[in-house]
Every structure is written in structure tokens, then in C-alpha cells.
Amino acid sequence: MDERTKKKVVIDAGHGGKDSGTVNNGIVEKDYTLKISKYIKKRLDELGIDSSLTRTGDELLDQSSRPQRAQSFYGKGDDVIIISNHLNAGGGDGAEIIYSLRNNDTLSKKIAQELENAGQNVRKYYQKRLPSNPSKDYYYLLRNTPNNETIIVEYGFTDSTGNDINLIKNKWESLAEAVVKAITSYLGVSYSQQGNNYYTVVKGDTLWSIARRYGITVDELKSANNLKSNLLSIGKKLMIPSNNVHIVKKGDTLYALAKEYNTTVSNLKKLNNLSSDLLSIGQKLFVK
Ligand SMILES: [Zn+2]
């Protein structure tokens, strides 16, 4: 098993059913947490990270069924990350991330950084203790999902007097993408924007044949998928990196592109099976 498939992610859409969560300014928390969760799930699929959703529709999950559901997919190990998505209320502005007492702040810190990169201010990432028993987490999902790495992400305030309402309504995908970025970084999986291809290995495939088919090198294929050996198993999903394609625009020359992408003209020609130096506008070139 390679690194990227070692950890699993459960994505929890906060609230649901008759529990709407916070409702302000036309924002119903349970609907946004579901949209955000489904978005993260789709992106983790694209990136080849195993994940499951605690709910896929408008379903009520309570203090006992939610942790049970969260642990039903991959168990109770510390190799399972649970991201519980929420919106906040109470008149503040900005994101908050709460991580459990049994975990360190590494992933929460990354989420905070990526949310800031996405334009959201972060109030804090922190742990919160149960007043009646300070050895326990305050939030039930954190408390009741041992020994998973459980994190609550509050993306912003639905009653903010700052910019949160606009961010939630119009930039929720960027906020969700920030969490995707943080997860990939935390898991050591190479991050790429939407649009990557996935290829499922069939009988007879080799790394070489797949790399050739997509105009990339075996090394790129291996590094994109964190593969340590050349062995492939049938049914394995491989990410095909697509950030190495340049679409030729007016004025482009092989020489300029070679310089831009830190390669050579002969390498570009070899990668793209070009017999001449002529390029046509709109032509797709592999540049790495
Ligand atoms: Zn909530």
C-alpha cells in the first residue's frame, strides 16, 4: 500500500433534517455544510484519496448516530481523518477550526493557512474542553470518535457583520477547496487543480504504457501517485497530472516555451513527437 491510500477521510456535513443548524441572511447551515461536503468528496475522489460522506441528503444525524456513521466506513483508527463542516453564528467574523484533545494542530494549522490563502480570515484553531470533565472534548463528535483525527471546521459566521456572508454565499467552493489543499498537503499527496484525469489500471497496463498514452514520463506518473515501485494492481486509480500541458498561443515558439518550462527544445519535440519546429495556435503541448 502506498502513502496516499494509507489515510482515509470521512467528511461530515453538519446538522441535517429537522436540525437546520444556524439560519441567517438566507443561509441555512445544513444546506451549505452538505454542499461543501459533497464538493470536498468529489475533489478527494479526483485526487485519489479515499473518502466517505456521513450524509448525502437532508438526513438528521444525532449525537449517537453521527459518530457511529462516521466510524462505520473505515473504523476507529488514527489513520482516519474526520472533517466536520459547519457554519458559525453569534456575531463574529472569520473561520474557526477545532481539533480534538488527542491530536496535534498540524492539520488544523494547514486548514487555517489555506483558508487565509483563499481570502477568509481565521480567528483561531484550538481545542475545547468539556467543563464537567476537562479531560474530554467539548464537542460530541470529537469526544465520541476515538481514535480518529476529528476536526470541526467553522467556515464563517452566517450573521457576520464583516465579509463572511458574501464569502459563504459566493466563495464557498474556494473555502472547501482550501480544506482539500490542506488535506493533500497533510497526506503528502500531490495537489492539483480540478481537471485532472483519472485512469483505472486494466490487465496488461504498465507504468510505461500509461505514461506514454498521456504524454508524460514514468517518473511524473510515479511522483503524482506517490508510487515507490513499478508494480501496478488492476483496478488501481492513477492520477494523470495535467498541469504539464501548454496550449499554444500566438507568438509562442518552442525556444520560448522551453525556456518558460525550464526544458529544452529537443525535449519538447521528443515529448510531443514533433518533427518540425512549427507550432499552431491552440495546439496542446506536453511541456514536462
Ligand atoms: Zn453547526
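The values are calculated or read from the model by the stated rules, or taken from the named source; none is laboratory data. Bear in mind the structure is a predicted one, so any value in this text is a computation, not a measurement. Using ideal geometry, Cβ is built from the backbone for each residue, glycine included, and neighbour counts are taken over all protein chains shown.
The requirement of being of a type in the set (A, V, I, L, M, F, W, C), in contact with a strand residue (DSSP E or B) (Cβ under 7 Å, 6 or more places away or on another chain) and closer than 30 Å to Ala118 by Cβ is fulfilled somewhere in the range 194-217, by at least one residue.
Looking at this structure, is Lys236 closer than 30 Å to Val80 by Cβ, buried (at least 16 other Cβ atoms within 10 Å of the Cβ) and touching a helix residue (DSSP H, G or I) at 6+ places or on another chain (Cβ under 7 Å)? Spelling it out, it is not the case that Lys236 is closer than 30 Å to Val80 by Cβ, buried (at least 16 other Cβ atoms within 10 Å of the Cβ) and touching a helix residue (DSSP H, G or I) at 6+ places or on another chain (Cβ under 7 Å). Could you list, in sequence order, the residues of the range 18-49 that are surrounded by fewer than 17 Cβ atoms within 10 Å (Cβ to Cβ), more than 16 Å from the ligand (Cβ to nearest atom) and not in a helix (DSSP H, G or I)? If the condition is that a residue be surrounded by fewer than 17 Cβ atoms within 10 Å (Cβ to Cβ), more than 16 Å from the ligand (Cβ to nearest atom) and not in a helix (DSSP H, G or I), then Gly26 is the only one that fits. Note on the range 52-97: residues that are among the hydrophobic types (A, V, I, L, M, F, W, C), away from the ligand (no atom under 15 Å from the Cβ) and surrounded by fewer than 22 Cβ atoms within 10 Å (Cβ to Cβ) amount to 2. Ile183 fulfils the conditions (1) modelled with pLDDT of 95 or more; (2) in a helix (DSSP H, G or I); (3) farther than 21 Å from Lys7 by Cα except for a single criterion, (3). Looking at the range 65-76, is at least one residue part of a loop (DSSP other than H, G, I, E, B), more than 21 Å from the chain's Cα centre (by Cα), not assigned by TED's automatic domain parsing to the domain that holds Ala224 and not small (Gly, Ala, Ser)? Yes, because at least one residue in the range 65-76 is part of a loop (DSSP other than H, G, I, E, B), more than 21 Å from the chain's Cα centre (by Cα), not assigned by TED's automatic domain parsing to the domain that holds Ala224 and not small (Gly, Ala, Ser). Screening the candidates Ile111, Ile165 for the property of being within 24 Å of the chain's Cα centre (by Cα), under 19 Å from Thr22 (Cβ atoms) and outside the structural domain of Leu271 (by TED's automatic domain parsing) yields one hit, Ile165.
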